[in-house]
Each structure stands twice: as C-alpha cells, then as structure tokens.
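Inspection log for the structure reproduced underneath, given as structure tokens.
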6 protein chains.
Amino acid sequence: MSTPAPIDYADASPEVRAVYDDIKKTRNVPDVNNFWKYLARDPATLRRTWESIKEIMGPGTLDPLTKEMVYLAVSVTNGCGYCIASHTAAARKAGMTEAMFGELMAVTGMANETNRLVNGYRVPIDPAFQT
Amino acid sequence: MSTPAPIDYADASPEVRAVYDDIKKTRNVPDVNNFWKYLARDPATLRRTWESIKEIMGPGTLDPLTKEMVYLAVSVTNGCGYCIASHTAAARKAGMTEAMFGELMAVTGMANETNRLVNGYRVPIDPAFQT
Amino acid sequence: MSTPAPIDYADASPEVRAVYDDIKKTRNVPDVNNFWKYLARDPATLRRTWESIKEIMGPGTLDPLTKEMVYLAVSVTNGCGYCIASHTAAARKAGMTEAMFGELMAVTGMANETNRLVNGYRVPIDPAFQT
Amino acid sequence: MSTPAPIDYADASPEVRAVYDDIKKTRNVPDVNNFWKYLARDPATLRRTWESIKEIMGPGTLDPLTKEMVYLAVSVTNGCGYCIASHTAAARKAGMTEAMFGELMAVTGMANETNRLVNGYRVPIDPAFQT
Amino acid sequence: MSTPAPIDYADASPEVRAVYDDIKKTRNVPDVNNFWKYLARDPATLRRTWESIKEIMGPGTLDPLTKEMVYLAVSVTNGCGYCIASHTAAARKAGMTEAMFGELMAVTGMANETNRLVNGYRVPIDPAFQT
Amino acid sequence: MSTPAPIDYADASPEVRAVYDDIKKTRNVPDVNNFWKYLARDPATLRRTWESIKEIMGPGTLDPLTKEMVYLAVSVTNGCGYCIASHTAAARKAGMTEAMFGELMAVTGMANETNRLVNGYRVPIDPAFQT
C-alpha cells in the first residue's frame, strides 16, 4: 500500500537493473537520478521511457545542447520544478553558459507572453503561414 | 464598440507606422503580419512588445534558429495555433529542416510527457540538482 | 450515439427549460447562448453550473466588470477560444472600453511571462510573502 | 490582514461547521482535510464547492475509483502538488493498486505527449470525428 | 520546404507502411487516421509513438474504456481539439454512454476548478497525504 | 558554473543598481524582492522586465488593485507559487479585502472549470460573439 520508491540499485529486480545499467553506461554516470528510481515502481514505464529518451536525446541533426535547452524551455512553461532543476543541470553539462541561460529564459518568457496576446486579440492566421 | 483590427499601414497612426516601419526594416519584409496589425489596437502594447522581441530575438549568444525553435516548442506546449504557424514559418526561414523539425517535436512531446510522470510519481529533487 | 446538442428551448425537457428560463430572466436576454445549449446534454451539469455561475458572478464586493475581466484573463491564459469570445462580449457589455481591454491584455501577457521567469530562475519566496 | 486559515472545527462558525459535519458524515472520516479548512476563509465557496463535489463524486454511472483516477490524471496534468497527494490517497482508498497507478500515469503521460505532437504537426480533424 | 503531410498508404515508404499495417491490424480498422498520416513526416517518431501507444493502451489492469476516458480528460484539460475529437470517438467505441460522458466532463471540470482553489488558497499538504 | 543569484544591492553592478534604485523609488520600498535579485543574473532581462512592468502596472484606465487581482488570477491558473505569494501580498497592499479575495478565487476557479466544459462539449462560437 505504501509507496515503494525510490528503488536503489541494490534493491532492484534484474529487469530494473538492466535499465539502470544502460542509463549509467550511456550517460557515463555512477548512479541514476531520482526520476528513474521513482519510475522503477513500474518497470514497463521505466524501460519504455528510457528507450524513448535514449532515442530522442541521442545523436541527430540537433546537437545535445539545443535539445536540453528545448527540454528546459518546455519544463519552465509547465512549471515542473524537478524537471527544471535536472534539465538546467543537464544543459549546463552540455555547455550552456550564463549568457545562453539568460537568453533562453528571455525567449521562453516572451513566447509565453505573446502566446496569450495572440489568444486575447484573437489573431487569425496569415494566409502565408497556412501552408 | 466593434473591433477595429487589423490596422493596415494605410490606416495607421504615425505612432503605429513608426513601429511597422521598424519591423519591416529589421526583418526585411514588405509588410507586417497579422499579430502586429491586431496588437495595433493598443499602440503602447504594440511598441513595447516589438521592442522586447527585437531585443530578445536579436543577435546574442544563441543563434536565430535556436531561438525560433525554442519559441515554437513553447507555443506547441501552450497550444497557440497562430504562434505555431508563424514560428514554424520563421524557424524554416532561419534554416530548420524537416529532420530538425521532427527532432524538435520529439523533444517537445517527450518533455511534456516526463513533466507529468515527475508530477505523478512526486519525484523529489536530487541533492546534486539543488545548487 | 450521435451528439444531441445543441438543445433549443423548443426541444428541451421541463428541467432544462427551467434553467434556460432562469438564465434569460437573470441576464435579461431573449435566448441562452451555445454554452448552455451544449451543457444541456447533461441536465445535472447544466443546473449545477448555472447555479454556481449565478452565485459567483452575482452581486458582491467585486463589481461585474472586474469579474468579467478576470474571467477573460483566465480564458486567455488557458487559450479557450469560445470562452475568450463570449467573455470579451460580456466584459464589453459590462463597460470594458478599448483602453481597458488593452491594459487587461498587457497585464495578462506580462503575468504569463513573469510566471515563467520565476520558474526558470527558481526564485524562492521572500520571508515577507510567507504569511 | 493576516491569513486566518486553517479554520479548525472548534473555531468554526455554525455555517462552516454544518459543511464540515456533512463532509465527515458523507465520507465517514473523523476530520476534514486542509483543503476544506483553508476554503473556510470564504464560507460561500466552501459550501458551494462541497455541494458540487458531493454531487459529482457521488453515486452515478462511473464508479468512485474511475472518478478518483480521472481527478488524479487532471491534477497531474496541471501540476497541483496538493491535489496529486490527496487524490492519490483517495484513489488508493477506492481500490487503486500499484499496477493501476502505473498504467494511469502511463496514459496520462502519453496523452500529454501526443496532445503536443498534434499541436506541432497541426493535424486537422478527420471527417469521421467531426460529428 | 512545403509540408509533405498527410502521407497516404499509397505514397508511404515500406517503413511507414509497416507501422500503418500494424495499426490497422491491431485496431481492426480499414485506414489510419490523420494523426498517424501527419506523424509519418518523421518515420522514427511515427514508429516510437505507435509502439508506446500500443503498449500503454493495450491489455492491462485498467480496461480500455477507462484508459480512453483518462486520455479524454487530459486532452480536455490541455484544450487539444483534435485529441478531444478523436478520443471522444474512441471512448464511445469502447462503450462510453452519454451519462458516462456527462460525469467524465463534470469530474474533469471540477478537478480543474479545485486545482486552482488549492493554488490560490495555498493549501499545505496534510501529513496523512505525505507518504 | 554555480548560480550567482540572489544579487544583493551591495554586490550589484552599476547597471543593476540603477534598476534596483528605480524599483525602490517607484514602489517606495526599502529593498527589492527576490524576483529582481534573481533576474539580476541577466541585467538585460532585469532592465527590460522592470521597464515593461513599470509601464503596464503604472497609472492607466484600470486601477492598481484590479491589475494586481488579474495578475493573481493568472498566477493561480498557472500554479506559480512565488507569483501567487508575491501578488497576493501586492493585491492586499492595494486594498484587496478577504471578501474580495474570496470572490476573486471563486471567479478564477469557475473560469478554469467552464473553460474545460467548453473544450469537452466542443461548443461552437455563437454568431453574436464572432465580431
């Protein structure tokens, strides 16, 4: 009945350990963070979420720093405290400087403002943007 | 009583025209889009919004494409149809390819998902992220 | 299986008609708007929602115009198109001028921006605000 | 000037006590939780909110567990910490198992993700869904 | 430069067709809906999203109708028009009656209201809910 | 690499001090609150945000109390804890009584509920509201 999380490596099932091992190896970290230890309450969600994140945040046309900054901008918009803390750390690790953080927040704040100005002024889409 | 927007250049006051002129010159476009023509109902908001956007989206440490993609990610998160249409167009103009768009949407969607998993599992912030 | 809304007065049950009659009398209007005609699919929700709104939007310490402007600010924040249209009309009817609308949108937009700056900069609550 | 909440039973007015009594009787609990003790600052809102919740969460075609899980999914989507804590407790009391919690979070997370993919890809509604 | 969606079966790559075939077979439908035809712009996201949804919405401890109603409640909270239309259709197909829809909307609306009352009254979590 | 905020007056650059001085003079307060001390990490955002807020929250057709209550309603809708605390304090300072706070929360809560009922019932805009 009680919440069994967080699940540390020592207490984890083989299925959960396999995911932890892959996270640690892929990210080159000594331990997984709380997000994974809490998700481990549901091994299927733990595995599926990790596989999706591994694929989405892995090598592609967007560099890792850009992806982390977008992740942070979304988390700031949604007001997810844990996500803001963890992705700020991840973005810094990927190279985000103080100046970049400042600009990222400025864009994120402005977008949230103009999104509402558009709503309130009921602006119709320009034909040029329809395509 | 009726809504006087959109305000076209020909019908605009000198104050509004000055903003339109600066937008057209700064962005090198022949006309301003609907967002500005609707905001022109309130010249003070038109001017202040343009000055803020000009400063925020102008030269800095983040390149224009990254800024437009962040703007798009926030607009997608908030579900602002006009903003999604206009910033998709702006991001493409700044160099966003189909592959980049696909990755941007994948990151944006994933962030919205994990933001809620964190909420639901009530994950406490790791000490390492507190700083 | 098909959606039976909107339900016009002529087709309404006595229970639904009683709510429609009270709305028309309270607001001094010849007909109810679509919101009520769609809610009428569930007479219990129609009645409960009307009773709550009648009480909340009725006479109190806040004047009707202030209440309508708050309603509009929330609807703009949530991006509810129908609600923005109907409460803009209601606010105008209650006395909202173009200048007031402009200021209301400016405050609403700014609040949405600074809400996110606070999130991103992880600002702790000042002791003076804790009470 | 100071916030007079929470209002305990011993300090409550007869009007507030009547609501507390009905909550305790309806839910068969020895005391009301903080939500009600804070709402009691405004007796009219306390009474109206309780009457609405009593009606909505009471017997109907959806069983109590389903209603609590929907309440939790909405609270997780909105990121309301108190609501997540109280409705997780209520859902468990109504029979939510660990497996059900895991699936509920998975659906909630996925819906938040695909809601944004739909926004970003600007997917038009299929004619078959229009009705 | 132009948006290449929707991608119909006849124009789809073998990779995309394989996903379409699995959707059609799993759901026993003659064609996939617009969501998939638009996601097909990015085959990796199409495949990953389908695999996640197939797993999450498949057999488990929660019945298909409950899952669809939770999906709908989240979509209504986020205001995603396409998602509301498609998941209302899916919930009906899974057995949602008019009475169930009415109760689902009542719970969803109420949760969105009390989430904000909790925020505004700054209600602290009861010790009993901390676990 | 570490977060250099909050920046107190004694440690602030002349550029930041100039903003702090203007805030203190405009609001007639002995010190600025945390919001400004954290924003000071990015002097350009500090200055721009203050200038916008000074203009928006300054004298106009809407009185200061109404503006603060709208700010609070938006912050409650978005669930920004810091903003709720600081704007509740500001609204009280501007004259918000307990009765006004109660009504403001009631309207804010109700708007969040009916915004979702409108979404779920897919209510089309009445022709009378189109203008």
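Derivation of every value follows stated rules applied to the coordinates shown; laboratory data play no part. This structure is a prediction, so every number in the text was calculated from the model and none was measured. Neighbour counts run over all protein chains shown; Cβ positions are idealised from the backbone, glycine included.
Below are the figures for this structure:
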{"item": "On Cα atoms only, tilt of E:14-27 relative to the major axis of chain E in degrees", "result": "50"}
{"item": "Hull-based mean projected area of the protein assembly as shown, where the convex hull spans the alpha carbons, in square nanometres", "result": "33.1"}
{"item": "Label-reachable residues, the range F:104-131, where backbone N falls under 14 Å from a point 7 Å from C:Asp8's Cα toward its Cβ", "result": "none"}
{"item": "Contact order normalised by residue count of the range C:1-58, Cα under 8 Å, 6+ apart, percent", "result": "39"}
{"item": "Calculated over the range F:60-122: convex hull of Cα atoms, volume per residue (Å³)", "result": "90"}
{"item": "Surface/4 estimate of mean projected area, convex hull on alpha-carbon atoms of chain C, nm²", "result": "11.8"}
{"item": "Average other protein chain Cβ within 10 Å of Cβ, residues C:60-69", "result": "6"}
{"item": "E:Glu51-F:Arg17 pseudo-label distance in nm [points 7 Å out on the Cα-to-Cβ vector]", "result": "6.0"}
{"item": "The range E:1-69-the range C:26-54 distance, computed between alpha-carbon centres (Å)", "result": "39"}
{"item": "For the range B:51-57, Karplus couplings with θ = phi - 60° (6.51, -1.76, 1.60), whole Hz, Gly/Pro x", "result": "4, 5, 5, 4, 6, 5, 8"}
{"item": "Helix axis angle, F:98-121 relative to chain F longest principal axis, alpha carbon, degrees", "result": "60"}
{"item": "Rounded to 10°, Cα long-axis angle of helix E:81-93 versus longest principal axis of chain E", "result": "90"}
{"item": "For chain A, built as a Gaussian network whose Cα springs stay under 10 Å, the top-fluctuating residue of A:Ala73, A:Ala111, A:Ala91", "result": "A:Ala111"}
{"item": "Contact order normalised by residue count of chain D, Cα under 8 Å, 6+ apart, percent", "result": "17"}
{"item": "Violating pairs (Cα-Cα greater than 22 angstrom) within the set B:Lys93/E:Lys37; B:Lys24/F:Lys54; D:Lys24/D:Lys67; B:Lys67/E:Lys37; B:Lys25/F:Lys54; D:Lys37/F:Lys93", "result": "B:Lys93/E:Lys37; B:Lys24/F:Lys54; B:Lys67/E:Lys37; B:Lys25/F:Lys54; D:Lys37/F:Lys93"}
